[in-house]
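The block underneath contains the structure these notes are about, expressed in structure tokens.
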Amino acid sequence: MNELEILQQKITELEAKNLSLREQLAQVSADRFRRFKSEFLIANLSQNLVENIQTGIIVHDTDTKILFANPTAAKLLGIIQSELEGKDINDPSWNFYHGDGQWMPLEDFPVNKILRERKVLKNYELGLYRPPTNDFVWALINAYPEFDKRGDIARIVVTFVDISNLKKTEIALRESEQRYATLAAELEQTRNFLQNIIDHLPVAVFVKDARTDHFGEMLLWNRTSEVMFGVSAKEAIGKTVYCHFPKEQADFFYQKDLEAFVNKLPENIPEEPIDSHSLGRRILHTVKVPLYDQEEQPQYLLCFSEDVTERKLAELALKESEERFRQMAENIHEIFWMMEAYSQKIIYINPAYESISGRSCASLYEDPQSFINIIHIEDRDMVAAAHQKNHQTGWGLEYRIVRPNGDIRWIFESAVPVLNSEGTLQSIVGIGQDITERKSTEQELVYQAFHDSLTNLPNRLLFTDRLEMSLKRTKRFQDHTFAVLFIDLDRFKVINDSLGHLIGDRLLIEIADILKKSVRSFDTVARLGGDEFTILLDEISGTQEAVEVAERIHLQLKKELAIDGYKILTSASIGIVVGSNNYESAGDLLRDADIAMYRAKDQGRACYEIFDQAMYDSALSRLQIENELRKAIEKTEFVVFYEPIISLKSMNLCGFEALVRWKHPEKGLLAAGEFIPICEELGLIIPLGKWVLQSACRQIKLWLEKFPIAKELTINVNLSGKQLQDPDIIRVIDDILQETEISTSNLNLEITETILIENTEIAIRVFQQLRARHIHLSLDDFGTGFSSLSYLQRFPVNTIKIDRSFISHMNSKEINSDRNIEIVKAIIALAHAMNIKVIAEGIEKKEQIIQLQAWDCDFAQGYYFARSLSAEAASDLLGKAAQSAVFS
């Protein structure tokens, strides 16, 4: 029996035994009696709260023994409630610990601290080990002493809440205690004590009168209610909701109050909108609990309201965010998926899966492993291994899928793991991008790097590679025999110049087809450039087999070729060299085949020659050319011509390319292609290249002085491989720049792809020194060789020149026209992505300019603008540009 029950029993006994007391009570005024009865009712309600509240309450006597403990306290301590009464807190069986986990001595026990310090103990964290259940609980202690009239401690009240799962959550419980000398004082103290607890609860707690005559009148109103509703306890007590809220809202509250008693069950209102006087529009989660007396008559309505506005707003924001995510995922073109990490169950996949794979999303939800079945059989093991090995870290890989109609699509898949708050792998999300078009473009670029863009035959690089392999086999196997045929069309230049480049190109395509049909399927036919072709005959029985191929080619070339209405007869000079282990490189073989081919030309063309030592005469002839070139350099029999370079953005003149010509005393003006290769082979290119660079820089110096408006004019000068290897090249360039006093920004050095292939390390070193001097560098003939792709990132070039072979076929009706267009567009986009300017060579038609401008190409040069000009003619062109102020 608790203290309150004892007091009630004493009241009953006094009423029965003491008639004089009843007479005295009868004299009490009606108002005082009603007040007493109200307080008694509230005390009953408070007792109900004490018994049911989730806060533990223990009352200690001054001898540290327990006078009273509510059920929550008994449950937390792990002891039956009836056994707690009279138990000494200083019993050694208690196992208390400080908040930091250290064992707590007796003097630090809350009750002992209060007895010693005689003051309230607040927010005292305490741990308890419970041997019967072998577990550990934590509680947040608030305790205070009660004093008698003499100022001595009468008893100690300890309250605590279980913070085992919410240890970091601070729940401050403050009680205001008073002692009452009389029964009314005791009841008032209990009411204040419980009111203090209720006031500090994080939810609004309020009690309404449920009696018919006073239905809805407020009896209890905690501080949280004051804050939440903007109505003070003084204003709320004794009033109904109609006194503080609009009628429509008050009617809603009143109706819910009635429903609680009609249903005789707690009324749960998950979302109750209110207009708070202090907080504005809020959303509450309210629970209304009907309480009855012994006759099952409504007495009180116990209400709890929690402000869930922020949570509801967060839920709404999350819902909106999920909706935005859904809309985004369902409208992107990439496959977006999410799956459980270990079961690999598909959580979500967007509709893009259906359009890319040709299969329904439903099929993947039903069977997640069905995705493996659509992967190309050659890629399945790779994909499965990547998924299994990298599911903790994510992955990025490319693979192929097969659509139901058999089409193959390339997918780039990128996936990342998703961890939960504890850092444990929860799921995996990924994006699958259809890169089929990109892969096709890449394959085209790679193909173009190893093949001639006009004939689709292997180019020099691929042919050289295969020739090297045959040479290696010959060194390993003595019975392995192969031969190289070097084929050059006779009088092709005449046909090209008279009928035009388009007819010339068509002729080259026809010749390529004839050559392929003249050999076996595993032999290699290549185009080295211009009208030069080579054939690698592998695994032959001897020289006679190579001769038979040459004769077969000659026989086919005797037939007329019909091209665009023209009937063309052509022939070819063929040089043959039979491979042996005496050769050290493919270049040596090609050199000797080339010598044999020129011997065939000397013999009257339309024939073949087999290389042997008797071709020493050709070497003597070469020596004569060498002597002529040496004398030409000594006598300066050379002149520089200038080809205009035009800005495609403004269509204005912006520079020139310097092109050297040989004023041969007998043959007249010779183009660079007729003697530069010989100069390079003989080492004469170094003095010649220096002279060209010096002449070009002197000329632009004159132009800049004569036309100050052209201060940004540039001169492009070709730099050969031999010059690049010259250890004095940087000094030579510095001396010329110092002599001519032109800015390095006016000079642009052009390097061909051959230099990058043969002189990679030297080129990198020289390029770095040139760039340090702010000299612009251009990569010539881009796209015609392997170097254009594999070396582009290694060399700090400012400009690339798209080879004329791409440009000339952009508007043709040939099969490769569309492919050329895509490759040109890809090259421009690639260059701009790397902050590199682009010059298109060989412009001959206005339509080519319009297309290149649409693709944002920077510059162009070609016969459409002007052929190469003498210095005087170029000066006249500059003069006209200066008068019109059209420099870019």
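The values are calculated or read from the model by the stated rules, or taken from the named source; none is laboratory data. Small disclaimer: the values here were computed from a predicted structure and weren't measured. Here the Cβ is made from the backbone with ideal geometry for all residues, glycine too, and neighbour counts use every protein chain on show. Side chains are part of the model used for accessible areas, which takes the heavy atoms of the whole protein and leaves out ligands, DNA and RNA. Shrake-Rupley method; radii C 1.70, N 1.55, O 1.52, S 1.80 Å.
Mean separation of Cα pairs under 8 Å and 6+ residues apart, divided by the residue count of the stretch 455-546: what relative contact order is that in percent? Working shown, then result.
Details: 101 pairs, mean separation 42.1, N = 92.
Answer for the stretch 455-546 is 46 percent.
Could you pull out every residue, at least 5 positions away or on a different chain, whose amide H is within less than 5 Å of the one on VAL660? Hs are placed 1.01 Å off N in the peptide plane, and Pro or chain starts have none.
PHE641
Hey, got the dipole for the chain? About the Cα centre, +1 on K and R Cβ, -1 on D and E Cβ, debye to the nearest 20? Intermediate values should be presented prior to the final figure.
Numbers: 99 positive and 133 negative charges, 265 e Å.
Here the chain has a charge dipole of around 1280 debye.
Consider just the alpha-carbon atoms of the stretch 633-784 and return their Rg together with their Dmax, both in angstrom.
Here Rg and the maximum Cα pair distance are 15.4, 44 Å.
Short version: what are the Cα gyration tensor semi-axes of the stretch 213-337, square root of 5 times each eigenvalue, largest first, in whole Å? Please list the in-between numbers first.
Details: eigenvalues 307, 65, 25 Å².
Semi-axes, largest first: 39, 18, 11 Å.
What is the projected area of the convex hull of the Cα atoms of the stretch 343-499, averaged over all directions, in nm²? Show your work: numbers first, answer last.
Working: hull surface 68.6 nm².
Spelled out: convex hull of the Cα atoms, projected over all directions, averaged, 17.1 nm².
As a test of the formula, what do you get for the chain when each DSSP H run with n ≥ 4 contributes -39,500 (n - 2.57) and the sum is divided by the residue count, at 222 nm and rounded to the nearest 500 deg cm²/dmol? Please list the in-between numbers first.
On the way: 33 runs with 385 residues, N = 888.
About -13500 deg cm²/dmol.
Taking every pair of alpha-carbon atoms in the stretch 409-456, give the share separated by more than 15 Å as a whole percent.
On the way: 718 of 1128 pairs.
Taking all Cα-Cα pairs of the stretch 409-456, the fraction more than 15 Å apart is 64 percent.
Just round it to a whole percent: the fraction of Cα-Cα distances in the stretch 70-172 exceeding 25 Å.
Values: 906 of 5253 pairs.
In whole percent, the share of Cα-Cα pairs in the stretch 70-172 beyond 25 Å is 17.
In a solvent-free Debye calculation with one equal scatterer on each Cα, what is log10 I(q)/I(0) for the chain at q = 0.06, 0.07, 0.09 Å⁻¹, listed in the order of the q values?
Here the Debye-derived log intensity ratios amount to -0.68, -0.75, -1.03.
Report, largest value first, the span of the C-alpha coordinates of the stretch 241-307 along each principal axis, in whole Å.
Between the extreme Cα coordinates on each principal axis of the stretch 241-307 lie 41, 22, 16 Å.
Once both axes come from the Cα atoms, what is the angle between helix 586-602 and the longest principal axis of the chain, in degrees from 0 to 90, rounded to 10?
30
In the chain, with Lys and Arg counted as +1 and Asp and Glu as -1 at Cβ, which of these residues, SER82, GLY542, ASN405, has the Cα nearest the positive end of the dipole, that is, farthest along it?
So the residue we want is GLY542.
How long are the semi-axes of the equivalent ellipsoid of the stretch 693-771, taking √(5λ) for every eigenvalue λ of the Cα gyration tensor, in whole Å from largest down? Walk me through the numbers before you get to the answer.
On the way: eigenvalues 131, 30, 19 Å².
Computed over the stretch 693-771, the values are 26, 12, 10 Å.
If you take every residue apart from PRO458 with its C-beta less than 10 Å away from the C-beta of PRO458, what net charge results, scoring Lys and Arg +1 and Asp and Glu -1? Walk me through the intermediate numbers first.
On the way: positive: ARG460, ARG466, ARG527; negative: ASP452, ASP465.
Net of charged neighbours comes to +1.
So which lysines pass the test for LYS663, namely a Cα distance under 22 Å, with those fewer than 8 places away in the same chain ruled out?
Hits, sequence-local ones excluded: LYS493, LYS631, LYS635, LYS690.
On a 24 Å Cα-Cα criterion, which of the cross-link pairs LYS706/LYS837; LYS711/LYS880; LYS517/LYS558 come out too long?
LYS706/LYS837
Based on the mean of other beta carbon atoms within 10 Å per residue, what is the order of 633-639, 488-494, most packed first?
Values: 633-639: 14.1, 488-494: 16.9.
Descending packing order for the listed peptides: 488-494, 633-639.
Could you give the accessible area per residue of the chain, probe 1.4 Å, as a whole number in Å²?
Working: 45570 Å² over 888 residues.
Accessible area per residue, the chain: 51 Å².
Mind grabbing the base-10 log of I(q)/I(0) for the stretch 477-579 at q = 0.20, 0.21 Å⁻¹? Debye formula, identical points on the C-alpha positions, no solvent, two decimal places.
Here the Debye-derived log intensity ratios amount to -0.97, -1.05.
Compute the projected area of the convex hull of the Cα atoms of the stretch 597-713, averaged over all viewing directions, and report it in nm² to one decimal place.
On the way: hull surface 42.7 nm².
The number I arrive at for the stretch 597-713 is 10.7 nm².
With a 1.4 Å probe and every protein chain kept in, tell me what percent of the accessible surface of the chain is carbon plus sulfur.
Numbers: 23510 of 45570 Å².
Roughly 52 percent, rounded to a whole number.
Going by average Cβ density within 10 Å per residue, which order do the peptides 457-463, 146-152 take, highest to lowest? Walk me through the numbers before you get to the answer.
Numbers: 457-463: 21.6, 146-152: 10.9.
Order by mean packing, descending: 457-463, 146-152.
Per residue, what volume in Å³ does the Cα convex hull of the stretch 303-425 take up? Before the final figure, lay out the partial values.
Values: hull volume 17.8 nm³, N = 123.
For the stretch 303-425, the hull spanned by Cα atoms encloses 145 Å³ per residue.
Helix 30-52 against the longest principal axis of the chain: what's the angle in degrees, Cα atoms only, rounded to the nearest 10?
50
Find out how many positive minus negative residues lie around ALA829, taking Lys and Arg as positive, Asp and Glu as negative, among other residues whose Cβ is under 12 Å from that of ALA829.
0
Treating cross-link reach as a plain straight distance, find the lysines whose alpha-carbon is under 16 Å from the alpha-carbon of LYS247, omitting any fewer than eight places away in the same chain.
Cα-Cα hits under 16 Å: LYS239, LYS256.
With Kirkwood's inverse mean 1/r over C-alpha pairs for Rh, give me the Rg to Rh ratio of the stretch 520-598, two decimals please. It would help to have the intermediate numbers written out before the result.
Values: Rg = 14.3 Å, Rh = 14.2 Å.
My calculation puts Rg/Rh at 1.01.
Please report the Cα spread of the stretch 313-362 along all three principal axes, rounded to whole Å, starting with the longest.
40, 28, 16
How large is the Kirkwood hydrodynamic radius of the stretch 68-129, in angstrom, based on all distinct alpha carbon pairs?
Numbers: mean 1/r = 0.0788 Å⁻¹.
Here the Kirkwood hydrodynamic radius works out to 12.7 Å.
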